[in-house]
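I have placed the structure first, in the form of structure tokens, so that the comments after it can refer back to it.
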């Protein structure tokens, strides 16, 4: 049972500045800071460990600057980790630390086995390409070269994410924020990745559009059984999408548990503050 | 047969760090044993700890001390006070259902699918689930024009029946049900009781919180009474 994980993260750490392990001993919730008083190094993420199971949706919640985005960006190789171990079942049956793969194999892992949706559609989409072209880009990187197949798959994905297929040849720059986000989601799931990373995907959208994007994600999870890591500062999003939640502060996990337990019986003072701030 | 549930010396205390470390003692020295197929009634004044006990069993609340042993269908013994989250999720998915007083559902899902998705996530298709859900809604006399509507806008009694339907369709081994008949008229109340007794016949064990004497009398094999977080007396019915 305990070896059933899809993704296993151990001790994942990202430090800006002088990266020595003892920086971790001088920072964190106990010191109410992520800045080392001695060296001035900033701990973006410190000693993060967790398991993600197949089909599971894990929430990561915390205020701005708590390290949640850094965490998923390290998993997606957007940022380099200072140290730590990440095992991912589809890569060498989980026996390799994917942080130590060659750049080529990292690219393969990222393009074939993971999907990422960023808060800002401009980070995930190329606005010089059309909506369809963006999806094609992801498929091409994963080695699908048949133009007809790419076109059909693009139409299929845009249909699934409720982006008008008629507009697939337009640049996403002309789309509304909610539509851009849905194109980004279509792109992220283009290769049927077993792991989807979602970073604050509904921030900045108005409520009815938020609802549509969340319904889409929930539908995809139910239909495709993709494992997801959902990063959000919004406990409503976390409640709706996730089974389990990690709470982060000052770059550390301060509490983890079942999502209903985190929301109804938070143990940590910071989590209690977070839950009591819920509108 | 072995004990389905065995609670030993359960202690629950809420520590409110943001309110000057204020602490609230909710449960103390609670112990109970439950046989398979039993219906235990929980009574007690508002605030005596009934729902807290139920939520501790479901792990929505983390126990502060003591043990909550559950024996799975495969004979595995799991302590919900300390079990891993994945173990608890697995048991929730397959063997244990919590039916709260208040409907908590994902927004923008029609009532019929709220209920149907409960079984389709276990073992059958969504269409089979919908078929079953319709049958239960009929028994519970939930008006048909509501079946495709979103439960968030329903009245208290209507929401409650959606909640009950969800628990019925899940056919869990252990059902935790909080005030299932509170906002219902006598006829609907009896329909709910009949459905729950039907579940019991199918092998479900039930822990039932109720203030309603009629519900208690018709359902419970025995009743436990909570007072200030302690189990005070055991009345054999």
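The values are calculated or read from the model by the stated rules, or taken from the named source; none is laboratory data. As the structure is a computational prediction, the values presented were derived from the model and not from experiment. Quick reminder, even Gly has a Cβ in these numbers, built from the backbone with ideal geometry, and neighbours come from all protein chains shown.
Residues that are surrounded by 17 or more Cβ atoms within 10 Å (Cβ to Cβ), away from every other protein chain (no Cβ under 12 Å) and not in a loop (DSSP other than H, G, I, E, B): does the stretch B:77-96 have at least one?
yes
Out of the stretch B:1-30, which residues are away from chain A (no Cβ under 14 Å) and either free of Cβ contacts under 8 Å to residues at least 24 places away in the same chain or within 27 Å of residue B:218 (Cβ to Cβ) (or both)?
Answer for the stretch B:1-30, where residues must be away from chain A (no Cβ under 14 Å) and either free of Cβ contacts under 8 Å to residues at least 24 places away in the same chain or within 27 Å of residue B:218 (Cβ to Cβ) (or both): B:1, B:3, B:4, B:5, B:6, B:7, B:30.
Residue A:227 is checked against (1) more than 14 Å from chain B (Cβ to nearest Cβ); (2) on the phi < 0 side of the Ramachandran plot; (3) buried (at least 19 other Cβ atoms within 10 Å of the Cβ) and fails just one. What number does that condition carry?
(1)
Exactly one of these conditions fails for residue B:163: (1) assigned to a helix (DSSP H, G or I); (2) touching a helix residue (DSSP H, G or I) at 6+ places or on another chain (Cβ under 8 Å). Give me its number.
Among (1) assigned to a helix (DSSP H, G or I); (2) touching a helix residue (DSSP H, G or I) at 6+ places or on another chain (Cβ under 8 Å), the lone unmet condition for residue B:163 is (2).
How many residues does the stretch B:1-57 hold that are surrounded by fewer than 19 Cβ atoms within 10 Å (Cβ to Cβ) and within 15 Å of the chain's Cα centre (by Cα)?
2
Looking at A:196, A:205, A:246, A:274, which one is touching a residue at least 24 places away in the same chain (Cβ under 8 Å), assigned to a helix (DSSP H, G or I) and either within 14 Å of another protein chain (Cβ to nearest Cβ) or more than 30 Å from residue B:16 (Cβ to Cβ) (or both)? Spell out how you get there, then give the answer.
Details: A:196 fails: assigned to a helix (DSSP H, G or I); A:205 fails: assigned to a helix (DSSP H, G or I); A:246 fails: assigned to a helix (DSSP H, G or I).
Result: A:274 is the single residue among A:196, A:205, A:246, A:274 that is touching a residue at least 24 places away in the same chain (Cβ under 8 Å), assigned to a helix (DSSP H, G or I) and either within 14 Å of another protein chain (Cβ to nearest Cβ) or more than 30 Å from residue B:16 (Cβ to Cβ) (or both).
If only one of B:229, B:157, B:198, B:129 is more than 26 Å from residue B:27 (Cα to Cα), touching a helix residue (DSSP H, G or I) at 6+ places or on another chain (Cβ under 9 Å) and surrounded by 22 or more Cβ atoms within 10 Å (Cβ to Cβ), which one is it? Give the steps one after another, and end with the answer.
Details: B:229 fails: more than 26 Å from residue B:27 (Cα to Cα); B:157 fails: surrounded by 22 or more Cβ atoms within 10 Å (Cβ to Cβ); B:198 fails: surrounded by 22 or more Cβ atoms within 10 Å (Cβ to Cβ).
Within the list B:229, B:157, B:198, B:129, the selection yields B:129.
Please go through the stretch A:230-242 and pick out each residue that is within 12 Å of chain B (Cβ to nearest Cβ) and either in contact with a strand residue (DSSP E or B) (Cβ under 6 Å, 6 or more places away or on another chain) or modelled with pLDDT of 95 or more (or both).
Selection gives A:241, A:242.
I'd like to know if the stretch B:60-74 contains one or more residues that are touching a residue at least 24 places away in the same chain (Cβ under 8 Å), out of contact with any strand residue (DSSP E or B) (no Cβ under 8 Å at 6 or more places or on another chain), farther than 14 Å from residue B:6 by Cβ and not in a strand (DSSP E or B).
For the stretch B:60-74, residues touching a residue at least 24 places away in the same chain (Cβ under 8 Å), out of contact with any strand residue (DSSP E or B) (no Cβ under 8 Å at 6 or more places or on another chain), farther than 14 Å from residue B:6 by Cβ and not in a strand (DSSP E or B): present.
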